[in-house]
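The next block holds one structure in the form of structure tokens; read it before the comments.
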Amino acid sequence: MPRKADVVIVGSGWAGSIMAHQLHRAGLSVVVLERGPMRKTAIDGAYPYSIDELRANVRKRLFENLAPQTVTIRNTPHQQALPYRQLGAFLPGTGLGGGGLHWAGCMFRAMPDDLRLRSAIIERYGRKFIPKDMNLQDYGVTYDELEPFFNQAEYVFGASGEAWTVRGKRAGNGDPFAPDRSKPFPLPPLREVYSAALFRKGAAACGYHPYVIPAANASRPYTNSYGCQLGPCNFCGYCSGYDCFLYSKASPNICIWPALWGKKNFTLRTDAHVLKVDLARSPAGQGLKEAKAVEWYDGETGTHQRTEAGMVILAGFQLSNVHLMLLSGIGQPYDPVRNTGVVGRNFVYQTITSSRVWLRPDQHTNQFIGAGGGGVAIDDFNCTNFDHGPLGFIGGSPIWVNQSGLKPIEAMTGAGGHGQPRWGSDFKHQALETYRHSIGMDAHGSNMAYRDVWLDLDPTWKNDWGQPLMRMTFTWHDNDIRMNRFVTSHIPRIAEAMGAVRVEVGSLKPGEPFDVTQYKTTHLAGGAVMGTDPRTSALNRYLQCWDVPNVFVVGSNAFPQGMGYNPTGLVAALAYWSAHHIVTDYLKNPRPLCGRGVSS
Amino acid sequence: MAADGQSMPNSLAPVKAAPYVPRYFIPAELALVEAMAERIFPENADGPGAKQLGVGPFIDGQLFSPWGFAARWYMKGPFVSGPPQLGYQLPWTPRQLYRLACGALDRHCLAQEGVVFARLPPERQDAVITLLEAGALMLDGVPGKVFFELVRGNTLEGAFADPLYGGNRHMAGWKMCGFPGARADFMLWVNQNGAPYPFGPVAIPPYQHVHGLHEGTMVIDMPVLTSDLEEYDADNPGNTP
């Protein structure tokens, strides 16, 4: 284990693996520290022991162990936040590959207006359209700037999908709302399961524009430019929460890390929990600081370690990145009362509600069949694709049937409710029939940033190392509840066109508080966002800390608001974008890559 | 081939087993849990209920897994109660929850009805479960609702988890719902226009055991599996896998 490295990277998921590969290739010595265990697909992911629902999604084999550290959560600033003692609403990953090992594989680009939502809303509806205390912001990077990096990510992941246009020319039957692409998807789209094909029919009959969800589940054998190989997905249905035994779902473990094993000047340590980044005053002055080293706990030997670093990349889960910044004093913590500071500001999530559509008893939906990113979606109610003027809210949701493989424990545990029994003979009968003959449909939508939603350090609870836990103040806000209710109000009509015999629409209720006990999505974002104004963003548009220029923070923490799409495609593109500017610019002349005078 | 897996009679033939001897539960607790599980997921025209599926032995076995000891929950104090949407805030592990709640529930039934829960007629059991679900009972500090959700969740796990863990006996839970278990290959079945999947389920083979579903003990008899399935070391709780 080297005592120092040119760059120390915290976290081994998509962000960490992409940064490690790009910076090592540029000639830097790289140390990667991962808090969780080593996970090799050939061993831990092997058939059949990996496809055990009890062990995986129920007992949460691949997810974060909360015993040493968790977050505290409250809905409003006047409540006492309480520890998130059991995994529920969100499931951070841990171990090699992080969330990139257990994700499902939906791999979207961002919409151009997702990246400049504040500007787009003001252009169309004026400044007054933005509610008071909504921190609506632009990313400071445009779709055109990111386009080559979306490509780069898709060709490393082996994404399957269908374009609408490539270089301005109609190329296929993809999403007509999607922005132009410079290259087609590397692989053709996945086939559509019965449920998704019915949704396509129903949505088209209603006049919407169904398209196949872009998926990092290989539709064909694929070898990426690093020589890493993927096999074709067989729709086994063990995707989200599992470590794909078929090598079909892209993960850092199979798409990137194998290209670095055994390389000189590359060290990866698992069971290495980073506690703090050590800072010193920067010789450049101007109030800047400089990261000198990373302090970490070595779980293998039970000792405290310190690794000196020329650069530090925080590439853990969104919550971990923000927590480490707060613990290390990187950036000014956000104060919602004075509305100052940036670390912890613009913490966002996503709205997601699931609806259920029942078909006739002779129609078997075989819900256990599926690919994680497979399915059909519509974008007619996403982003700025519809007129928000008369509706008076900001944001939107795709609607989709993303049947990624529903296993019986999850199906039966979730059955009943909504006025139906949750136990007993009738429950049993209905749960079994529902499993055989129904389809799940989601509205997976945006979540805006608000002044009274943020992350800071908890005054009471500590982690195993005596450090304060991070505290989350979060609940649903009226804007997002109204958005969700508007979008889901279209579901009954689609369901009817699909031939439904019954439909149960899931939607957020007015005034409903955030409930940590029910799974929603692990798509947490923000808290250390990118932007062009150091008063409202912790990072500049290259994901470099304004205050500590040799620290870059890579992940969904950089999103100023939660978008309608799943975050991984954008996280990967931003990682390649940041790495590109580090390699081609920063390394030649280490300095703040943006002047602080640049203002919005 | 039949859709429900009847094509494999030999491997699915019931084996006459000796009565299950619980390892964690005392017999009265096992009787309560099995009775409650059977009301939650009863035998009916759809197929066997929790008792026949082996849910009791399943839960007893799970209480020796890391989960039984809350090994991966954040269990540092102080423990402060809060609104339900902020989640579980009690200081107890699943083992402790079962111990406290079973004893208190039987005492409640004895006081109110003159017999323990397991000896109540089914409709009286249902009335008690309804009270638990509604949060109307407190069981030695354990809210009835917490205990109800614990037993409901574990019952459905025991009915539908791989038979490896002692429940879902003869894969009968999977056959009832048409789930093919560990087949995990639908290359030719991505979309068959709503036809039922034609093959019955397969289970994960128990390592080194041909007929070896010794309920509840499988968890510790499987050296091939990674540490999160090995028996939790109660004497050294710091050695959390």
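The values are calculated or read from the model by the stated rules, or taken from the named source; none is laboratory data. Because the structure is predicted, anything quoted here is derived from the model rather than measured. Glycine gets a Cβ as well: all are built from the backbone with ideal geometry, and neighbour counts include every protein chain shown. Note: areas computed on protein heavy atoms with side chains; ligands, DNA, RNA excluded. Shrake-Rupley method; radii C 1.70, N 1.55, O 1.52, S 1.80 Å.
So that you can scan it fast, the table gives a plain yes or no per residue for (1) open to solvent by less than 10 Å² (accessible area, probe 1.4 Å); (2) small (Gly, Ala, Ser):
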site: A:412; (1), (2): yes, no
site: A:416; (1), (2): no, yes
site: A:428; (1), (2): yes, no
site: A:449; (1), (2): yes, yes
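Please pick out the residue among A:61, A:116 that is within 11 Å of chain B (Cβ to nearest Cβ), among the charged types (D, E, K, R) and within 22 Å of the chain's Cα centre (by Cα). Spell out the reasoning first.
Working: A:116 fails: within 11 Å of chain B (Cβ to nearest Cβ).
A:61 is the lone residue from the list that is within 11 Å of chain B (Cβ to nearest Cβ), among the charged types (D, E, K, R) and within 22 Å of the chain's Cα centre (by Cα).
Scanning for something touching a residue at least 60 places away in the same chain (Cβ under 8 Å), in contact with a Leu (Cβ under 9 Å, 6 or more places away or on another chain) and either of a type outside the set (Ser, Thr, Tyr) or surrounded by fewer than 17 Cβ atoms within 10 Å (Cβ to Cβ) (or both), does region A:158-170 turn up at least one residue?
Yes, there is a match, as at least one residue in region A:158-170 is touching a residue at least 60 places away in the same chain (Cβ under 8 Å), in contact with a Leu (Cβ under 9 Å, 6 or more places away or on another chain) and either of a type outside the set (Ser, Thr, Tyr) or surrounded by fewer than 17 Cβ atoms within 10 Å (Cβ to Cβ) (or both).
Give region B:67-80 a look and list any residue that's open to solvent by less than 10 Å² (accessible area, probe 1.4 Å) and assigned to a helix (DSSP H, G or I), or say none.
Correct list: B:68 only.
Applying the selection to region B:32-66, what residues are in contact (Cβ under 8 Å) with a residue 60 or more places away in the chain, open to solvent by 10 Å² or more (accessible area, probe 1.4 Å) and more than 9 Å from every other protein chain (Cβ to nearest Cβ)?
B:34, B:35, B:48, B:52, B:64
Which residues, taken from region A:180-200, are farther than 20 Å from residue A:156 by Cβ, open to solvent by 20 Å² or more (accessible area, probe 1.4 Å) and not in a helix (DSSP H, G or I)?
Within region A:180-200, A:180, A:191, A:192 qualify.
For region A:451-500, name all the residues that are of a type in the set (Gly, Ala, Ser) and open to solvent by less than 40 Å² (accessible area, probe 1.4 Å). Working first, answer last.
To start, the set of residues in region A:451-500 that are of a type in the set (Gly, Ala, Ser) comprises A:466, A:489, A:495, A:497, A:499-500.
Correct list: A:495, A:499, A:500.
Quick check on region A:9-22. Is at least one of its residues in contact with a Ser or Thr (Cβ under 7 Å, 6 or more places away or on another chain) and within 14 Å of chain B (Cβ to nearest Cβ)?
no
Does residue A:503 satisfy the condition of being surrounded by fewer than 22 Cβ atoms within 10 Å (Cβ to Cβ) and modelled with pLDDT under 95? Can you show your working first?
On the way: surrounded by fewer than 22 Cβ atoms within 10 Å (Cβ to Cβ): yes; modelled with pLDDT under 95: no.
So residue A:503 fails the test.
Looking at region B:14-66, which of its residues are among the aliphatic types (A, V, I, L, M), assigned to a loop (DSSP other than H, G, I, E, B) and within 14 Å of the chain's Cα centre (by Cα)? Can you show your working first?
First, the residues of region B:14-66 that are among the aliphatic types (A, V, I, L, M): B:15, B:17-18, B:21, B:26, B:28, B:30-33, B:35-37, B:40, B:45, B:50, B:53, B:55, B:59, B:63.
Now drop any that are not assigned to a loop (DSSP other than H, G, I, E, B), which leaves B:15, B:17-18, B:21, B:26, B:45, B:63.
B:63 - this is the single residue of region B:14-66 that is among the aliphatic types (A, V, I, L, M), assigned to a loop (DSSP other than H, G, I, E, B) and within 14 Å of the chain's Cα centre (by Cα).
Would you list the helices (runs of 4 or more DSSP H) that sit entirely within region B:113-197 and hold 1 or more residues that are buried (at least 18 other Cβ atoms within 10 Å of the Cβ) and touching a Cys at 6+ places or on another chain (Cβ under 9 Å)?
The qualifying helices (runs of 4 or more DSSP H) are B:122-133, B:144-160.
Please specify each residue of region B:81-96 satisfying the condition of being more than 12 Å from every other protein chain (Cβ to nearest Cβ) and open to solvent by less than 50 Å² (accessible area, probe 1.4 Å).
B:95
Would you mind stating whether residue A:85 is open to solvent by less than 20 Å² (accessible area, probe 1.4 Å), part of a loop (DSSP other than H, G, I, E, B) and among the basic types (Lys, Arg)?
It is true that residue A:85 is open to solvent by less than 20 Å² (accessible area, probe 1.4 Å), part of a loop (DSSP other than H, G, I, E, B) and among the basic types (Lys, Arg).
Answer yes or no as to whether residue A:116 is surrounded by fewer than 22 Cβ atoms within 10 Å (Cβ to Cβ) and closer than 20 Å to residue A:450 by Cβ. Steps first, please.
Details: surrounded by fewer than 22 Cβ atoms within 10 Å (Cβ to Cβ): yes; closer than 20 Å to residue A:450 by Cβ: yes.
Taking the combined requirement at face value, the residue satisfies it.
Exactly one of these conditions fails for residue A:42: (1) closer than 30 Å to residue A:409 by Cβ; (2) crowded, with 20+ Cβ neighbours inside 10 Å; (3) more than 11 Å from every other protein chain (Cβ to nearest Cβ). Give me its number.
(2)
Listed here are the residues, each with its yes/no results for (1) under 21 Å from residue A:468 (Cβ atoms); (2) hydrophobic (A, V, I, L, M, F, W, C).
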position: A:301; (1), (2): no, no
position: A:305; (1), (2): no, no
position: A:308; (1), (2): no, no
position: A:315; (1), (2): no, yes
position: A:318; (1), (2): yes, no
position: A:326; (1), (2): yes, yes
position: A:332; (1), (2): yes, no
